[in-house]
């Protein structure tokens, strides 16, 4: 997986919105006005995603590409070094999981407006 592929995938997700709210090198993807992915587009080749807290602890131990991210809750968020991913499918699955975790935090009435990804 390349960073461009990951960004294109995020752009393709239902009701996904891209913006640069922090600076011109930090691309943020939101759904329902909530973050699900962050990319440093200044050559870092990383994405920051939301993870299930229990799964994240296991992944940090088993996946060298996952590291703690600054400024966000270490319990839910981690950085993924894209070029260290062993499997492109895994990267897309983690993006889907991040998107879904954000949807599931919405009030039930609003959740029905956003499809969960498989």
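What follows is calculated from the coordinates using simple rules that are stated; it is not laboratory data. Since the structure is predicted, the reported quantities are computational estimates derived from the model, not experimental observations. FYI the Cβ positions are ideal-geometry reconstructions off the backbone, even for glycines, and counts take in every protein chain you see.
Restricting attention to the stretch 12-51, the residues being surrounded by 12 or more Cβ atoms within 10 Å (Cβ to Cβ), within 22 Å of residue 113 (Cα to Cα) and over 10 Å from the mean Cα position of the chain (by Cα) number 9. The set of residues in the stretch 1-10 that are surrounded by 12 or more Cβ atoms within 10 Å (Cβ to Cβ) and within 20 Å of residue 117 (Cα to Cα) comprises 1, 5, 6, 7, 9, 10.
Scanning the stretch 59-73 finds one or more residues that are at positive phi and assigned to a loop (DSSP other than H, G, I, E, B).
Yes or no: the stretch 12-20 includes at least one residue that is under 19 Å from residue 104 (Cα atoms) and part of a strand (DSSP E or B).
Kept after step one, since they are under 19 Å from residue 104 (Cα atoms), are these residues of the stretch 12-20: 13-17.
Add one more test, that the residue is part of a strand (DSSP E or B), and what stays is 17.
Within the stretch 12-20 (the criterion being under 19 Å from residue 104 (Cα atoms) and part of a strand (DSSP E or B)), the answer is yes, since at least one residue qualifies.
Taking the stretch 74-118 as the range and being over 19 Å from residue 41 (Cβ atoms), outside any helix (DSSP H, G or I), touching a residue at least 24 places away in the same chain (Cβ under 8 Å) and touching a helix residue (DSSP H, G or I) at 6+ places or on another chain (Cβ under 7 Å) as the test, the residues that pass are 76, 114, 117.
Quick check, is residue 64 without any contact (Cβ under 8 Å) to a residue 24 or more places away in the chain and out of contact with any helix residue (DSSP H, G or I) (no Cβ under 8 Å at 6 or more places or on another chain)?
Details: without any contact (Cβ under 8 Å) to a residue 24 or more places away in the chain: yes; out of contact with any helix residue (DSSP H, G or I) (no Cβ under 8 Å at 6 or more places or on another chain): no.
No; evaluated as a whole, the condition is false for this residue.
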